[in-house]
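> Take a look at the following structure, please.
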Amino acid sequence: MTTVQPDAALMPAAFLGHGSPMNAIEHNRYTEAWSAFGRSIPTPRAILVISAHWYINASAVTAMRLPRTIHDFYGFPRELFDVDYPAPGAPDVAEAVADIVKPTWVGLDVDSWGIDHGTWSVLRHVFPDASIPVVQLSLNAFEGLDYHLELGRRLAPLREQGVLIIGSGNIVHNLRALDFSQPDGGFAWARRFDDAAAELLADRSSEILTLDAHPDFASAVPTPDHFLPLLYVAGLADGRPLDQLIEGYNAGSLSMTSYTLGLNGSAA
């Protein structure tokens, strides 16, 4: 197996609230924050993304040399379907992921997936030239919250090897409750849950799993797919605080809040 040689510095990590696929082709305060994040960090050797949109019945990592751009949505303008993010893959990094999390099994996907919009909608702003190799790690739908937090912890050594780890989802994500009359607003329950997450991440990130007992959890997280990527970054933090990159809401029931880890070159 080819190994990735370590850097002296610890690569930062991030959780990005990606929201609508339209953010891929729009410019707003969220996409500006993503762009600023990309400019502020060392150039990674590779990027590992845990996207809400690869939610399957197994743990797998993309291992193809040329991953395809996946347009996993419908009902959006043609311009969005025309987007291509032609980043190369990184089979050696995929192998490193599968090795580093043992004895947990992660399979190597050489032909079924690629780069979905949870990944390319943010990376188009973070690294618009698509020159940095990208791999994705699936979300195993059969496993509980604790599995995903622990898997995030096990990925931590990759940061020493120049790999940027990004979780892409939304802390609050309830599509059935969308209210387009408030494009920048959040329902009271959405704000309460987002604030509870912010309080934990700023002080006691290791307690993030306690959010499943929050009275607004069922409304904020009706399905786990968009919440789970946050657990990977909280796992990387391993009790250390995360820094808020940007805060906000969309259509009442989406939190666009994003967080970074170790952005200022600290040991976090």
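The values are calculated or read from the model by the stated rules, or taken from the named source; none is laboratory data. Nothing here was measured: the structure is a model prediction, and the numbers come from that model. Backbone-built Cβ (ideal geometry, glycine too); neighbour counts: all protein chains shown.
> Inside region 197-208, can you point out the residues that are under 17 Å from the mean Cα position of the chain (by Cα) and at pLDDT 95 or above?
197, 198, 201, 208
> Answer yes if at least one residue in region 99-112 is in contact with a Phe, Trp or Tyr (Cβ under 7 Å, 6 or more places away or on another chain) and of a type in the set (A, V, I, L, M, F, W, C), and no otherwise.
The answer is no; no qualifying residue exists.
> Does residue 194 count as of a type in the set (Asp, Glu), over 21 Å from residue 20 (Cα atoms), at pLDDT 95 or above and in a helix (DSSP H, G or I)?
Criteria not met by residue 194.
> In region 205-243, how many residues are outside any helix (DSSP H, G or I) and buried (at least 18 other Cβ atoms within 10 Å of the Cβ)?
7
> Follow-up question, since we're still on this one. Does residue 168 satisfy the condition of being surrounded by 15 or more Cβ atoms within 10 Å (Cβ to Cβ) and assigned to a strand (DSSP E or B)?
So residue 168 fits the description; yes.
> Write out, first by first residue and then by second, each pair whose Cβ atoms fall under 9 Å of each other, whose residues are 6+ apart or on separate chains, and whose first residue, in region 203-221, is touching a residue at least 40 places away in the same chain (Cβ under 8 Å) and under 19 Å from residue 143 (Cα atoms) while the second is charged (D, E, K, R) and in a helix (DSSP H, G or I).
209/146; 221/212
> Within region 126-149, work out how many residues are surrounded by 24 or more Cβ atoms within 10 Å (Cβ to Cβ), in contact with a Ser or Thr (Cβ under 7 Å, 6 or more places away or on another chain) and not β-branched (Val, Ile, Thr).
Residues flagged as surrounded by 24 or more Cβ atoms within 10 Å (Cβ to Cβ), in contact with a Ser or Thr (Cβ under 7 Å, 6 or more places away or on another chain) and not β-branched (Val, Ile, Thr) within region 126-149 amount to 1.
> Condition check: touching a helix residue (DSSP H, G or I) at 6+ places or on another chain (Cβ under 8 Å), more than 24 Å from residue 125 (Cα to Cα) and without any contact (Cβ under 8 Å) to a residue 60 or more places away in the chain. Does residue 108 satisfy that?
Judged against the criteria, residue 108 is a match.
> While we're looking at this one, here's another question. Please go through region 185-196 and pick out each residue that is closer than 22 Å to residue 240 by Cα and either in contact with a helix residue (DSSP H, G or I) (Cβ under 6 Å, 6 or more places away or on another chain) or surrounded by fewer than 18 Cβ atoms within 10 Å (Cβ to Cβ) (or both).
193, 195
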